[in-house]
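To start, the structure itself, in structure tokens.
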Amino acid sequence: MTPEEYSLIIRIVFALLSIVLAMFLGLRLRKIIIKNLSKFGHAFASRFAEILRYFLIILGVVIAFSILSLDVVVLTGISIGIFIILLISMRDVFSNYAGEIYLRVRRPFNEGDFIKIGRISGRVLSINSQDVELVSIKGERIIIPNQFFLKYPIVNKSSTMPTSIELKIIFKESTLEKAEETVMEALNEIRPELFEDPRIISINKTDGRTEVNLLLHIVNQRKVKWVINKLSREFHRKGIEIEIE
Amino acid sequence: MRSIVIGGGHLAYFTVKALREIDPKGRIIIIEFTSEKIEMLKKTFPYVETMLSSIDKVEEYITENQSLIDVLVSATDSDALNLRYAKYSIKNEVPIVIAILNNPLNEPIFLKENIKYVINPYKTITSKIKEIVNKFRVNILYEFSKINAGIYALKIEDAETLRKVQSFILKNDLPFFIVSIDDKLRAGPIENIQVGDIVCVSCLDKDIRSILEKIKEGVG
């Protein structure tokens, strides 16, 4: 066996060893990470550990290539290039993962909580790796990418706190006194479904129309639609034309 | 507020009274499985609505009314049913779901199933006996349901415990009051705490565990 052949065999053995070592370390690290991060959710810990494991394996492969005397500078350049391209093309995915890490570690809210982020508010149905699913007070399902939680302030109103809702009822033809009386009668019908007594905040007369602003307290946010429909029906039954905003 | 109480036994009695006190103008609907109990409930609570249902039809009712139910209290005399209805209600996004235990040993099962509000009516037995017999290191007087905190009584048995408790209160800036050896209530200051007193503090449960460890281990 020539010295060159002998050297090549040695380098192949070391290259294979570096890959095996990287795989072994990756598995060990995976177990440690899952054990320590499982308090933030098993799925999250597993995913995070998998990413690090693959990173270690790629590192092992790069080292193996360098042991085989391929140009380290070129390899490093290629690796950095691939990494940058990946980072740019998947920046939203990565920032969503970063958002998930923030949500799991900081725990600004839990599933079931009523939150407000930006102009969106609703109850949290699920916290996922890429997004958070909310249900709005109108019953719409809203998907918010996790990166939003890194950019905007979050207001967490506890899930069990009654939500205060302002409603504006516009009477096309009515006096202030008559409007107030009619509203109070209609409110009496829906009172058992509310958390506490509703309140008339203001009554104004503008351009021949009477506007009544109401404050209602509701525990189940999905009830708002029902409350509005019920109020509309009550006024319709009395033959009064109104608009609700 | 629309409250649903499942079960019409003695657990439901206290539940309905509390719900009525919270919201006297709200709707309370009791779902029961026997017509005899329904009749009795109508007489006892004339202000509640009652519904006779079979065990397997309750979920159907929850599904149909999920957007209108504000509070659901699962208070049957079977923990298996209470767990089943509580889990189903949470899945259907009922905002407040409360399960009342029949057997306190089942509490971990409920907590494991993510039932956030579990009432263990037997919990006061331990603290009451400790209070009456007046032999304890730490007695849990009250535990909050929404936060991991409570009101705890710490017995000052010796000068070492006194020093540790004073340091614990000062370090965490805790609200406290003192029950003296002659059963009189006193407010602070902290220097007034004496050996033989019981100090009642409000703090996080992890903090009370930490001070208990220190008292037990004799680590200052």
Quiz item: If only one of A:R141, A:R104 is within 27 Å of the chain's Cα centre (by Cα), within 14 Å of chain B (Cβ to nearest Cβ) and open to solvent by 40 Å² or more (accessible area, probe 1.4 Å), which one is it?
Solution: A:R141
Practice problem: Just name the residue that is farthest from A:V224 (Cα to Cα) out of those in the stretch A:114-123 that are buried (at least 20 other Cβ atoms within 10 Å of the Cβ) and in contact with a Ser or Thr (Cβ under 9 Å, 6 or more places away or on another chain). | Solution: A:I115
Quiz item: Can B:Y88 be described as within 26 Å of A:K223 (Cα to Cα), within 14 Å of chain A (Cβ to nearest Cβ), among the aromatic types (F, W, Y) and out of contact with any Phe, Trp or Tyr (no Cβ under 6 Å at 6 or more places or on another chain)?
Solution: no
Exercise. Would you check if there is a residue in the stretch A:224-236 being within 14 Å of another protein chain (Cβ to nearest Cβ), closer than 25 Å to B:V71 by Cα, in contact (Cβ under 8 Å) with a residue 60 or more places away in the chain and open to solvent by 20 Å² or more (accessible area, probe 1.4 Å)?
Key: yes
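One line per residue, one yes/no per condition, for (1) modelled with pLDDT of 80 or more; (2) assigned by TED's automatic domain parsing to the domain that holds A:S7; (3) not basic (K, R):
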residue	(1), (2), (3)
A:A43	no, yes, yes
A:R47	no, yes, no
A:F55	yes, yes, yes
A:L59	yes, yes, yes
A:A64	yes, yes, yes
A:L70	no, yes, yes
A:I85	no, yes, yes
A:G99	yes, no, yes
Self-check item: Unique match (being within 30 Å of B:V71 (Cα to Cα), among the basic types (K, R) and either open to solvent by 80 Å² or more (accessible area, probe 1.4 Å) or at pLDDT 90 or above (or both)) among B:K155, B:K171, B:K123, B:K184
Solution: B:K123
Quiz item: When you go through (1) away from chain A (no Cβ under 14 Å); (2) touching a Lys or Arg at 6+ places or on another chain (Cβ under 9 Å) one by one for B:E32, which number turns out not to apply?
Solution: (2)
Practice problem: Could you tell me whether B:E39 is among the acidic types (D, E), away from chain A (no Cβ under 14 Å) and crowded, with 21+ Cβ neighbours inside 10 Å? | Solution: no
Quiz item: Do the conditions hold for A:E166, that is, is it acidic (D, E) and within 21 Å of A:E140 (Cα to Cα)?
Solution: yes
Exercise. Return the residue satisfying two criteria in turn: it lies in the stretch A:191-223 and is among the β-branched types (V, I, T) and either within 11 Å of chain B (Cβ to nearest Cβ) or surrounded by fewer than 13 Cβ atoms within 10 Å (Cβ to Cβ) (or both), and of such residues it is farthest from A:S121 (Cα to Cα).
Key: A:T206
Practice problem: Pairs only if they're at least six apart or on different chains, beta carbon under 8 angstrom, first in the stretch B:142-153 and aliphatic (A, V, I, L, M), second open to solvent by 70 Å² or more (accessible area, probe 1.4 Å) and not in a strand (DSSP E or B); list them, first residue then second. | Solution: B:A153/B:E131
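The values are calculated or read from the model by the stated rules, or taken from the named source; none is laboratory data. Just so it is clear, the model here is predicted, and its values are computed rather than measured. In this analysis, Cβ positions are derived from the backbone assuming ideal geometry, glycine residues included, and neighbour counts consider all displayed protein chains. Just so you know, the surface numbers come from the protein's heavy atoms only, side chains and all, with ligands and any DNA or RNA stripped out. Shrake-Rupley method; radii C 1.70, N 1.55, O 1.52, S 1.80 Å.
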